[in-house]
1. In contact (Cβ under 8 Å) with a residue 12 or more places away in the chain, touching a Ser or Thr at 6+ places or on another chain (Cβ under 9 Å) and not in a strand (DSSP E or B): is that true of Leu129 in this structure?
2. Check off (1) farther than 26 Å from Thr161 by Cβ; (2) surrounded by fewer than 20 Cβ atoms within 10 Å (Cβ to Cβ); (3) not polar (S, T, N, Q) for Trp63 and give me the number that stays unchecked.
3. Kindly indicate whether Gly61 is farther than 17 Å from Asn177 by Cα and touching a residue at least 60 places away in the same chain (Cβ under 8 Å).
4. Could you look through segment 161-183, keep only residues that are within 14 Å of the chain's Cα centre (by Cα) and assigned to a strand (DSSP E or B), and pick out the one that is surrounded by the fewest Cβ atoms within 10 Å (Cβ to Cβ)?
5. Could you please let me know if Gly115 is modelled with pLDDT of 95 or more, more than 24 Å from His159 (Cα to Cα) and touching a Phe, Trp or Tyr at 6+ places or on another chain (Cβ under 7 Å)?
6. Of the residues that make up segment 49-58, is at least one exposed (fewer than 14 other Cβ atoms within 10 Å of the Cβ), free of Cβ contacts under 8 Å to residues at least 40 places away in the same chain and under 24 Å from Leu155 (Cα atoms)?
7. If you scan segment 13-35, which residues turn out to be touching a Gly at 6+ places or on another chain (Cβ under 9 Å), surrounded by 12 or more Cβ atoms within 10 Å (Cβ to Cβ) and more than 20 Å from Leu75 (Cα to Cα)?
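The values are calculated or read from the model by the stated rules, or taken from the named source; none is laboratory data. This one's a predicted model, so the numbers in the text were calculated from it and none came from an experiment. Ideal geometry is used to build each Cβ from the backbone, glycine not excepted, and the neighbour counts take in all protein chains shown.
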Amino acid sequence: MVNALRKHLAMREGLRMDRPGLVPSAVLVPIVLGPGGPSVLYTKRSEHLNQHRGQISFPGGKWSPEDGTLLSTALRESHEEVGLDPRDIEVLGELDEVWTPTGFTIRPYVGLVQGPYPYRVNPHEIDRLIEVPWGRLPHAEAFGCEIKMVNGEPLELCHFTVNDDLIWGATARITRNLMRLLARVDGEIA
């Protein structure tokens, strides 16, 4: 699965959004290769943040001019939030961008991390880490989704639950996009 994903992401560029007025941001979708198999790393954001407080997300944040690129943003924020050293991440490629009703476009980058990893969680930004084993993630068609009108535009709102954690919004859409990509990769391998 990992080698197929590596090959497939290296050959594609994620779809880009042309949405003037939205703040560019980036996240890392960390796939942790641990002794029990791969898992996906999520964060539960601190309750005292201004944006998206208490939500489950991927490590990341808004682009800063000093970053230069959105990939640099994803790596910088992952280091600041959970202590992932950029040298320990094999960036495989990017998924399609998504937008949020709160005014952001998000470019997701998929990266491999060897686990177990010595995370250093920033308690000002992150309440806790959530590693979801690969087999616990829902298939793309199993997500709960509905279309809502946001500022006169349709937006697909998706969600899924792992244990007692509700993962919804852009994070669920990014996860679903990853699962759709993997279903295509598996179809090509079979």
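1. Numbers: in contact (Cβ under 8 Å) with a residue 12 or more places away in the chain: yes; touching a Ser or Thr at 6+ places or on another chain (Cβ under 9 Å): yes; not in a strand (DSSP E or B): no.
It is false that Leu129 is in contact (Cβ under 8 Å) with a residue 12 or more places away in the chain, touching a Ser or Thr at 6+ places or on another chain (Cβ under 9 Å) and not in a strand (DSSP E or B).
2. Evaluating Trp63 over (1) farther than 26 Å from Thr161 by Cβ; (2) surrounded by fewer than 20 Cβ atoms within 10 Å (Cβ to Cβ); (3) not polar (S, T, N, Q) leaves (2) as the failure.
3. Numbers: farther than 17 Å from Asn177 by Cα: yes; touching a residue at least 60 places away in the same chain (Cβ under 8 Å): no.
Judged against the criteria, Gly61 is not a match.
4. Looking at residues that are within 14 Å of the chain's Cα centre (by Cα) and assigned to a strand (DSSP E or B), I get Trp168.
5. Details: modelled with pLDDT of 95 or more: yes; more than 24 Å from His159 (Cα to Cα): yes; touching a Phe, Trp or Tyr at 6+ places or on another chain (Cβ under 7 Å): no.
For Gly115, the condition - modelled with pLDDT of 95 or more, more than 24 Å from His159 (Cα to Cα) and touching a Phe, Trp or Tyr at 6+ places or on another chain (Cβ under 7 Å) - is not met.
6. The answer is yes, given that some residue of segment 49-58 is exposed (fewer than 14 other Cβ atoms within 10 Å of the Cβ), free of Cβ contacts under 8 Å to residues at least 40 places away in the same chain and under 24 Å from Leu155 (Cα atoms).
7. First, the residues of segment 13-35 that are touching a Gly at 6+ places or on another chain (Cβ under 9 Å): 13-14, 21-23, 25-35.
Filter once more, keeping what is surrounded by 12 or more Cβ atoms within 10 Å (Cβ to Cβ): 14, 22-23, 25-34.
If the condition is that a residue be touching a Gly at 6+ places or on another chain (Cβ under 9 Å), surrounded by 12 or more Cβ atoms within 10 Å (Cβ to Cβ) and more than 20 Å from Leu75 (Cα to Cα), then Leu22, Gly34 are the ones that fit.
To keep it simple, each residue is scored yes or no on (1) acidic (Asp, Glu); (2) touching a Lys or Arg at 6+ places or on another chain (Cβ under 8 Å).
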| residue | (1), (2) |
| --- | --- |
| His8 | no, yes |
| Ser46 | no, yes |
| Glu66 | yes, no |
| Arg76 | no, no |
| Asp88 | yes, no |
